[in-house]
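These notes concern the structure reproduced below.
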Amino acid sequence: MKKIIILGVNATSAKYVPRALRSAGFEPVFLADPEEFAGQAAESLRDCACFPTDIQDRAAVLRLLADEPSITEDAFAITGLYDEKFPLIAEIAATYDLQGPEPVAVRLASKSEVASLIPEFSPPTRQFTAGEAARLAVDPATLAPAPDGYILKPAEQAGGRGAARLPQGAGPLDVWNAVATTGLSQDAAHPWVLQADIRGSLFSLEGYVTEGRIVFVDFSQRGRISWTEVSNLLPADRRLPRGTEDLCKTAVTTLVERSGLSQGYFHCEFLVNGKRPFLIDANIGRLGGGAIVEQLGLAHGLDPAEILAHVLTLGLPAAGTSPEPAYHPQGSGESTLSYYYGIEEGGQITSVTAPDGGRCLHTQVAPKGARVGPVGTGDAAWVGMLTGLTSDVAREIENVVVHTTDGPRRPAWVAPS
């Protein structure tokens, strides 16, 4: 079978991607270390060729591929499930003559590109580079209206990594201090965005584009602690204020038309302020993260591997697309819930106990021995995910126990609101 290299996969999807790609006639090769995963995800990856590397370190990824020619030899394509990695993936594809993601999806990995295409659906946005911030050339006061202050974040990053809030009245020095303290690349050309801080409920719209036709699958609603998403309700169409659903769909349709996107999934995230939605992350070319693939499977009576086969092949124009999953009409599936739980003060994980004989799906994210930060500090603080029908999850989460070197801890999470 032809090889497809995967750069970027989360713990839930790792359980299903090998079966998904093999069902489509491809053999997966992961740029990942199975020992950094746990449970079913680790077992699934150990059944594949894996090459450990830090995918957040661009130089390390490129060095691995240069030092290990067997990875790209006879490979057909390279892709992944993190859209912020699409620019790196496209660079690798060009270097090694591989197929890669839809070029428009690569371009739309930039938050500033999305905001420039659909400013009427985006928060007020200013793009800048780390070099401009260092020269104190970025003045938040030029970004208006912003009554609740500002959000600063890397232009190509997900999961809250590197994001910071700045209050009203912040100046150029505050912008540079925020950039400098993130610990991310200080390359002068590194792109950043400054946006007006939008307060509201977080919803996402899942769907895909095929031959220019847009298919809206479901809305979901997230619960967050600080920057970290810790729960997801799907479908959540009925929780949207009247009229907001159509505005969200119009935003996605406008982005697809103006960008020229012809195929690929999307996971478009909106903050809904009153009845007005603001698109804060387009996430073009991929499905939602966390455990959304399992929620879609449960809500629509589908195999998550079937969904991921469609996601991955639709995102590779030259791959030949797997059959479209038989999704139910939007919003009509069974109510599902997922808790992406952590622990309040962080700690070193020794094990996780999930309910015996439970009805829910459990994914341990943090492997044995991993140290996680306090919940709310980013997706790296996730310990595990409990996913199922809403009534089952609400009951079974009470019996999950996280064991640490400091003793047992109850999982920390909040419901979507």
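The values are calculated or read from the model by the stated rules, or taken from the named source; none is laboratory data. These numbers come from a predicted model, not from an experiment. With ideal geometry, Cβ positions are generated from the backbone for all residues, glycine too; neighbour counts draw on all protein chains shown. Surface accessibility is based on the protein's heavy atoms, side chains included, excluding ligands, DNA and RNA. Shrake-Rupley method; radii C 1.70, N 1.55, O 1.52, S 1.80 Å.
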With the dipole of the range 31-158 worked out from charges on the C-beta (+1 for Lys and Arg, -1 for Asp and Glu) around the Cα centre, which of ALA109, ALA130, GLY149 lies farthest toward the positive end? GLY149
Go ahead and run the numbers for FRET between ASP187 and GLU43, Cβ-Cβ distance against an R0 of 45 Å, rounding to 0.05. 0.75
Need one number: nm distance between label points at VAL414 and SER23, each 7 Å from Cα along Cα→Cβ, rounded to one decimal. 3.7 nm
Taking the Cβ of LEU117 as the center, what net charge do the other residues with Cβ under 13 Å away carry, scoring Lys and Arg +1 and Asp and Glu -1? 0
Histogram of C-alpha separations across the range 263-417, 5 Å bin width, %: 2, 9, 15, 17, 17, 16, 13, 8, 3, 1, 0
Do you know the relative contact order of the chain, to the nearest whole percent, from alpha carbon pairs under 8 angstrom that are 6+ apart? 16 percent
Please work out how many pairs of lysine residues in the chain are eight or more positions apart (or on different chains) and have Cα atoms closer than 16 angstrom. 4
Candidates GLY80, GLY358, GLY285; GNM for the chain (alpha-carbon contacts under 10 Å) flags as most fluctuating GLY358
Shape descriptors of the range 25-75 over alpha-carbon atoms, Rg and Dmax in angstrom, are 11.6, 31
List, in order, the whole-Hz ³J(HN,Hα) value for each residue of the range 379-393 obtained from phi through the Karplus relation with A = 6.51, B = -1.76, C = 1.60 and θ = phi - 60°; use x for Gly and Pro. 5, 5, 8, 5, 9, x, 9, 10, 9, x, 5, 3, 5, 5, 5
So which GluC sites (Glu not before Pro) in the range 188-296 pass both tests, a DSSP loop state and at most 12 other Cβ atoms within 10 Å of the Cβ? GLU211
So, with points 7 Å from each Cα along the Cβ direction, the THR254-VAL215 label distance in nm works out to 2.6 nm
For the chain, what does the helix formula give at 222 nm: sum of -39500 (n - 2.57) over DSSP H segments with n ≥ 4, over the residue count, nearest 500 deg cm²/dmol? -7000 deg cm²/dmol
Output the relative contact order of the range 5-72, whole-number percent, from Cα pairs under 8 angstrom with separation of 6+ residues. 31 percent
Just to be sure I understand the curve: with the Debye formula and one point per C-alpha of the chain, what is log10 I(q)/I(0) at q = 0.07, 0.08, 0.11, 0.12 Å⁻¹? -0.31, -0.41, -0.82, -1.00
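Return the FRET efficiency for the residue pair ARG135, ALA94: r is the Cβ-Cβ distance, R0 is 51 Å, and the value is rounded to the nearest 0.05.
0.95
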Using r as the Cβ-Cβ distance of ALA318 and ALA380, and R0 as 35 Å, what FRET efficiency do you calculate, to the nearest 0.05? 0.55
Please report, to one decimal in angstroms, the Kirkwood hydrodynamic radius of the range 80-216 built from all distinct Cα-Cα pairs. 16.3 Å
Top mean-square fluctuation among PRO18, PRO277, PRO52, Gaussian network model of the chain, C-alpha springs under 10 Å? PRO52
Quick calc: nm separation of the 7 Å Cα→Cβ label points for ASP303 and THR350 -> 3.9 nm
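Nothing charged except the Cβ atoms of Lys and Arg (+1) and of Asp and Glu (-1): what's the magnitude of the dipole of the range 1-93 about its Cα centre? Round to the nearest 20 debye.
Details: 9 positive and 15 negative charges, 76 e Å.
Dipole of the range 1-93, to the nearest 20 debye: 360 debye.
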Taking only protein heavy atoms and a 1.4 Å probe, what accessible area per residue, in Å², does the range 50-100 have with all protein chains in place? 47 Å²
Carbon and sulfur together cover what percent of the accessible area of the chain at a 1.4 Å probe radius? 49 percent
Roughly how many debye, to the nearest 20, is the charge dipole of the chain about its Cα centre, given +1 on each Lys and Arg Cβ, -1 on each Asp and Glu Cβ, and no other charges? 800 debye
Looking at THR321, GLY200, GLY8, which one has the Cα that reaches farthest to the positive end of the dipole of the chain (charges on Cβ: Lys, Arg +1; Asp, Glu -1)? GLY200
Long-range amide H contacts for ALA49: which residues qualify at under 5 Å (H placed 1.01 Å from N, peptide plane, sequence gap of 5 or more or a different chain)? PHE30
Top positive-direction residue, dipole computed over the range 28-75 with Cβ charges, set LEU62, PRO52, PRO28: LEU62
Scalar couplings 3J(HN,Hα) for the range 309-324 by Karplus 6.51 cos²θ - 1.76 cosθ + 1.60 (θ = phi - 60°), nearest whole Hz, x for Gly and Pro, are 4, 5, 4, 6, 6, 5, x, 10, x, 8, 7, x, 6, 5, x, 5
Tell me, what is the percent relative contact order of the range 221-321, built from C-alpha pairs under 8 Å that lie six or more residues apart? 20 percent
In the Gaussian network model of the chain, springs joining C-alpha atoms below 10 Å, which of THR182, THR313, THR228 carries the largest mean-square fluctuation? THR182
Net charge near ALA49: determine it from the other residues with C-beta under 14 Å of the C-beta of ALA49, scoring Lys and Arg +1 and Asp and Glu -1. -2
On alpha-carbon atoms, Rg over Rh for the range 246-330 using Kirkwood Rh? 0.99
